Amino acid sequence: SQQGEEDPQALSIQEGENATMNCSYKTSINNLQWYRQNSGRGLVHLILIRSNEREKHSGRLRVTLDTSKKSSSLLITASRAADTASYFCATDIWGAQKLVFGQGTRLTINP
Amino acid sequence: EPEVTQTPSHQVTQMGQEVILRCVPISNHLYFYWYRQILGQKVEFLVSFYNNEISEKSEIFDDQFSVERPDGSNFTLKIRSTKLEDSAMYFCASIPTGAGGTGELFFGEGSRLTVL
């Protein structure tokens, strides 16, 4: 399997519900980041969590990191139609000056 | 707010032709990247560039690819002889520094390359 695998690949929920996306990775990391991509557009940074942090919040976003399980989750609370996008986790691996992206989760929020 | 700009937004080319994709990173950034995304698939690392040289490249980045920072502002990706499988969205990204690990990447809107 690959570094940075998101689960589920696609998620469809009703507006107002919470959306949870998961990411697993394989190697030791400096940090893990989440990005959002609207269809046909560039990636936009959402949040970064360092390897010594367990949880981080930004507005309606909550990210957790479990380095023992090599996994992270992104929770979007009170979802809105405008949250419809693909969400990618990206890992900053020790010794590598780059981010490795996962496959992404396609999130659809139904009004 | 400063942003990464990429041109062209869309390029259609014939197989075997050379293509140059251009990027203007954010002015005080030091690390530059090219990533690509085949339609609907993952975002793949191609190459990173620092201090006027390649710092890392992936196995995708073979002899057909090259990067250059010709004038201190532009950062270009050249594909010498395009193949059908080079059809993808190519993203340029930059970060201000590599100290303490790779922080937030600032991405451009991408250049869509279609090889016929």
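The values are calculated or read from the model by the stated rules, or taken from the named source; none is laboratory data. Values in this document were obtained by computation on a predicted structure and should not be read as measured data. Here the Cβ positions follow ideal geometry from the backbone for every residue, glycine too, while neighbour counts run over all protein chains shown. For the accessible areas, the whole protein counts, side chains as well, though only heavy atoms, and no ligand, DNA or RNA atoms are used. Shrake-Rupley method; radii C 1.70, N 1.55, O 1.52, S 1.80 Å.
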- Task: State whether segment A:40-100 is rounded, prolate or oblate according to the following rule on the C-alpha gyration tensor (a ≥ b ≥ c being the square roots of its eigenvalues): a/c under 1.5 gives rounded; otherwise a/b larger than b/c gives prolate, and the remaining case gives oblate.
- Result: oblate
- At R0 = 25 Å, FRET efficiency that the Cβ-Cβ distance of A:R80 and B:E68 yields, to 0.05: 0.05
- Query: Quick one: how many Å² of B:V115 are accessible to a 1.4 Å probe, rounded to 10?
  - Reply: 10
- Message: Let me check against my output: what whole-number percent is the relative contact order of segment A:1-48, with C-alpha pairs under 8 Å and at least 6 apart?
- Response: 31
- Message: If you average the alpha carbon positions of segment B:38-81 and of segment A:58-102, how far apart do those two centres end up, in angstrom?
- Response: 25
- With the charge dipole of chain B built from beta-carbon charges (+1 for Lys and Arg, -1 for Asp and Glu) about the Cα centre, the Cα from B:Y35, B:V67, B:V115 projecting farthest to the positive end belongs to B:V115
- Item | Among B:I79, B:T102, B:Q11 the positive-end extreme of the charge dipole of chain B (Cβ point charges) | B:Q11
- Message: So the label point goes 7 Å from the Cα of A:T20 along Cα→C-beta, right? Which residues of segment A:49-84 then have their backbone N under 11 Å from it?
- Response: A:73-76
- Note on the structure: With T = 25 °C, eta = 0.890 mPa s and Kirkwood Rh from C-alpha pairs, the Stokes-Einstein D of chain B in µm²/s is about 173
- Task: Could you pull out every residue, at least 5 positions away or on a different chain, whose amide H is within less than 5 Å of the one on B:Q11? Hs are placed 1.01 Å off N in the peptide plane, and Pro or chain starts have none.
- Result: B:R112, B:L113, B:T114
- Query: Taking a ≥ b ≥ c as the square roots of the eigenvalues of the Cα gyration tensor of chain A, is the shape rounded (a/c under 1.5), prolate (a/b larger than b/c) or oblate?
  - Reply: prolate
- Task: Compute the relative contact order of chain B as a whole-number percentage, counting only Cα pairs closer than 8 Å that sit 6 or more residues apart in sequence.
- Result: 38
- Task: Straight distance only, please: which lysines reach the Cα of A:K69 with their own Cα at less than 26 Å, same-chain residues fewer than 8 apart left out?
- Result: A:K26, A:K56, A:K98, B:K42
- Task: Using DSSP to define loop residues, name the GluC sites (Glu not before Pro) in segment B:23-116 whose beta-carbon has at most 11 other beta-carbon atoms within 10 Å.
- Result: B:E59
- Item | Karplus-derived HN-Hα couplings along segment A:101-111 (A = 6.51, B = -1.76, C = 1.60, θ = phi - 60°), whole Hz, x at Gly and Pro | 9, x, 6, x, 10, 8, 9, 10, 9, 8, x
- So what's the protein assembly as shown giving for Cα Rg divided by 2.2 N^0.38 Å, two decimals? 1.01
- Item | Table column - 3J(HN,Hα) (Hz), segment A:63-69, Karplus curve with 6.51, -1.76, 1.60, x for Gly and Pro | 10, 10, 9, 10, 6, 6, 9
